[in-house]
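Heads up, the thing below is written out as structure tokens.
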Amino acid sequence: REVRKARETPSELTNFLRLHLNIVTDAAEMWLDINKWDLTKDEPLPELQGQTCYGGLDLATSKDIAAFVLVFPLDTGSYALLPRFWIPADNVTARERRDKVPYQSWIRDGYVQTTEGDVIDFDVIRADINSLGAVYDIKEIAADPWNSTQIQTQLIGDGFEVFKFGQGFASMNSPAKEFERLVTSGRIIHGRHPVLRWMAGNVVIKKDPAGNIMPDKARSSMKIDGIVSAIMGLGRSMVATDDTSAYEEHGLTVI
């Protein structure tokens, strides 16, 4: 039973090796199995215009990547991800040398957007989110509270439902475990987005004694902002599903 769990759930593998086989492992092992991520690499994104979705917003200033990921629940039980990324235009070359990934190619191909200057312009992010809101039915946006008070207030003024989403175990555990389960079962449709795939391969998790998990930016060697944003968006989607009235799901019973 424990072997099967370790095979099917990457986050359980380290515990299995350490506790059951007495094998010391590197604590910084990657969380998501990239081969599982690639299960849907040939599956194109479905038609999403006008579809219900939930956003996750993870901001940055100069060194990190600002990420906004729309999470679309599909009738099949899968979820489609539509990400947007922003970096400052003035440090693209230095960033490419540091991270050893092709930012300039990603920018040219439209996978990453730049904003003028050496810090990310949040006004550009706000404008882009409003443009997305005109195309997709964004029910809610989950935002990392760090450095986001102003843009949260602005987006609320623009008509969006915005919720602060804590970055600790209490908020992250349930959607992170669900995200892992969806990746493992081939139910995350990502349209072969190269930046999101790179980030999926970078994530290291932190686990508490109770078995709760959360992405660990401090120990992840490279950027993981897009995966964090996707987990936040998934978290709001899960809350919305849990809040669905029993009458909506099953109708009325006459006795």
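Pairs are defined by a Cβ separation below 9 Å, a sequence spacing of at least 6 or placement on different chains, a first member in region 94-121 that is farther than 18 Å from ALA67 by Cβ, and a second member that is among the hydrophobic types (A, V, I, L, M, F, W, C) and in a helix (DSSP H, G or I); the pairs so defined are GLN104/VAL92; GLU116/ALA89; GLU116/VAL124; GLY117/ALA89; ASP118/ALA89. Annotation: of all residues in region 229-255 being modelled with pLDDT of 50 or more and hydrophobic (A, V, I, L, M, F, W, C), the one that is nearest to ILE141 (Cα to Cα) is MET232. Once region 41-69 is narrowed to residues that are crowded, with 23+ Cβ neighbours inside 10 Å and within 16 Å of THR241 (Cα to Cα), the residue that is nearest to the chain's Cα centre (by Cα) is GLY55. Inspection of region 162-182 identifies at least one residue that is exposed (fewer than 15 other Cβ atoms within 10 Å of the Cβ), of a type in the set (Lys, Arg) and farther than 26 Å from LEU45 by Cα. A search for C-beta distances below 7 Å between a residue of region 208-220 that is in a strand (DSSP E or B) and any residue that is among the aromatic types (Phe, Trp, Tyr), counting only pairs 6+ apart in sequence or on different chains, returns MET214/PHE169.
VAL203 - would you say it is in contact (Cβ under 8 Å) with a residue 60 or more places away in the chain, aliphatic (A, V, I, L, M), part of a helix (DSSP H, G or I) and within 23 Å of VAL239 (Cβ to Cβ)? In short, no.
In this entry, ARG219 is excluded by the filter for residues that are charged (D, E, K, R) and either at pLDDT 95 or above or open to solvent by less than 10 Å² (accessible area, probe 1.4 Å) (or both).
The values are calculated or read from the model by the stated rules, or taken from the named source; none is laboratory data. Everything numeric in this text was worked out from a predicted model, so none of it was measured. Virtual Cβ from ideal backbone geometry, glycine too; neighbours counted across all protein chains shown. Accessible surface is based on the protein model in full, side chains and every heavy atom, while ligands, DNA and RNA are left aside. Shrake-Rupley method; radii C 1.70, N 1.55, O 1.52, S 1.80 Å.
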